[in-house]
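The structure under discussion appears below in the form of structure tokens.
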Protein chains: 2
Amino acid sequence: MPFTYPYARPALTVDCVVFGLDVSDLKVLLIQRDLAPFAGRWALPGGFVRVDETLDEAARRELREEAGLTKVFLEQLCTIGEVQRDPRERVVTVAHYALVRLGDHQVQAATDARNAAWFAVDDLPDLAFDHVAIVTTALQRLQGKVRYQPIGFELLPPKFSLSQLQRMYEIILERELDKRNFRKKVLSLGILQDLDEVEQDVAHRAARLYRFDERTYRQKVKDGFNFEL
Amino acid sequence: MPFTYPYARPALTVDCVVFGLDVSDLKVLLIQRDLAPFAGRWALPGGFVRVDETLDEAARRELREEAGLTKVFLEQLCTIGEVQRDPRERVVTVAHYALVRLGDHQVQAATDARNAAWFAVDDLPDLAFDHVAIVTTALQRLQGKVRYQPIGFELLPPKFSLSQLQRMYEIILERELDKRNFRKKVLSLGILQDLDEVEQDVAHRAARLYRFDERTYRQKVKDGFNFEL
DNA sequence: CCTTTATAGTGTTGTTATGACACTATGTCA
DNA sequence: TGACATAGTGTCATAACAACACTATAAAGG
């Protein structure tokens, strides 16, 4: 009989740090727990992995069930196997992070539904388990990755202005960027499609709208191109 | 009764991609399996996580037991939870990668011991399970990380010449670097300590030896310094 | 309709980093 | 002492980066 006593057969969970971009803040989606342990505390959306699903599938299912989110950008972050991290019994969790567009209807729904809410990443409430550490790791990963992979677009609407794009980077990287240098650089990458449209319903000069041209991006990557902020 | 039927309670393993640097190749340490499944096949060192140890502890224990390695550089890589990846039953594995100095005595021992051997990373035998995919991921991670984190030194002896250092990067990145530009750049980082010593027993002009000055590096990082190849 | 307000959009220049490139120096060995 | 193998060294042209301030446009409000 293999793998019996001394080997761990832990319960397995997935947890997701869901990032959304506000006007002025990077937000994280939290769910208020109604069961022990940590009943009443805010926690990352997540839950137990089922016997017939992969980790990625489990994470997506939890996002759908707990927050009504589908088709989001989702990546594995790290796995935490501290023996006593769950007071009940050993629970190993595979942490993920996700990027969503806060404007989306489904995201609105998520905010309305049950005990879910968005919190500014630098002003989080007390979290259950070791979830603060997971958020910290996720933020570091995002800050690192956003500079060499075009994942930031996942946080913006499909059509966006260069100002929005710049603000996104400023918020994530927590530092100001020079407007002219930023525009020069980002346009020179040649992965933005100028839509020849402008913003609507703004109380000032309307900005030109762009779209991330994933097709072109992929082609360029094949040819040895390297995205870099 | 929580977490019974529908939830997974998988066996949990750790697997390690141990990299070592040869004169002309990046090598990976493999162990020949003597048990089914995949008896006789080469596989990554690794094994089941015990009830009382963390993932990191399990990985280090396996490295010690299977390869006689201690105190190596070790980082988590990714976790694989495909349902059928092990023919016996569901086994989730947390993959790691490690960097060791091939010159070390313990590493020599590892090579001698039982069915362990080093293979060039681009000339691997058939591997058990999904271990090829893990090696591929680990290599990509190493290639990415070596450029913005001074982890490559873990593959070199404590005292090394600039030529050795350059060769290390060339081997990992799989492209040639310009000697003068490389030396200029790496010295300008100010994280190498010139030991005022030269190589011994070489059949040509002996090279100056350097050491990675971790103290200075940490200090510089605190002051906002960014290592970059 | 004219002023205010809010944001969009635009170029130049000095500085720094990068990449290309070839020869001399030093030590061992035959 | 000559052949060899590798160490070590500098310049220049080009590209990338950082700093910097004003004009343009549209809506709102008096």
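Just the residues that are touching a residue at least 24 places away in the same chain (Cβ under 8 Å) and either open to solvent by 50 Å² or more (accessible area, probe 1.4 Å) or away from chain B (no Cβ under 14 Å) (or both), please, taken from the stretch A:34-55. Outline the logic, then answer.
Here is the first cut: in the stretch A:34-55, the residues touching a residue at least 24 places away in the same chain (Cβ under 8 Å) are A:34, A:37-38, A:41-49, A:55.
Passing the criteria: A:Asp34, A:Phe38, A:Arg41, A:Trp42, A:Ala43, A:Leu44, A:Pro45.
Against the conditions (1) of a type in the set (Gly, Ala, Ser); (2) within 12 Å of DNA strand C (Cβ to nearest atom); (3) farther than 26 Å from A:Val107 by Cα, A:Ala207 satisfies every one except (3).
Looking at the stretch B:11-33, can you tell me whether even one residue there is within 10 Å of another protein chain (Cβ to nearest Cβ) and open to solvent by 50 Å² or more (accessible area, probe 1.4 Å)?
No, the stretch B:11-33 contains no residue that is within 10 Å of another protein chain (Cβ to nearest Cβ) and open to solvent by 50 Å² or more (accessible area, probe 1.4 Å).
So, B:Glu65, is that one touching a Pro at 6+ places or on another chain (Cβ under 9 Å), more than 12 Å from every other protein chain (Cβ to nearest Cβ) and open to solvent by 10 Å² or more (accessible area, probe 1.4 Å) or not? When the stated conditions are applied, B:Glu65 passes them.
The values are calculated or read from the model by the stated rules, or taken from the named source; none is laboratory data. If you're wondering where the values come from, they're calculated on a predicted model, not measured in any experiment. Virtual Cβ from ideal backbone geometry, glycine too; neighbours counted across all protein chains shown. The area values use the complete protein model at the heavy-atom level, side chains included, leaving out ligands, DNA and RNA. Shrake-Rupley method; radii C 1.70, N 1.55, O 1.52, S 1.80 Å.
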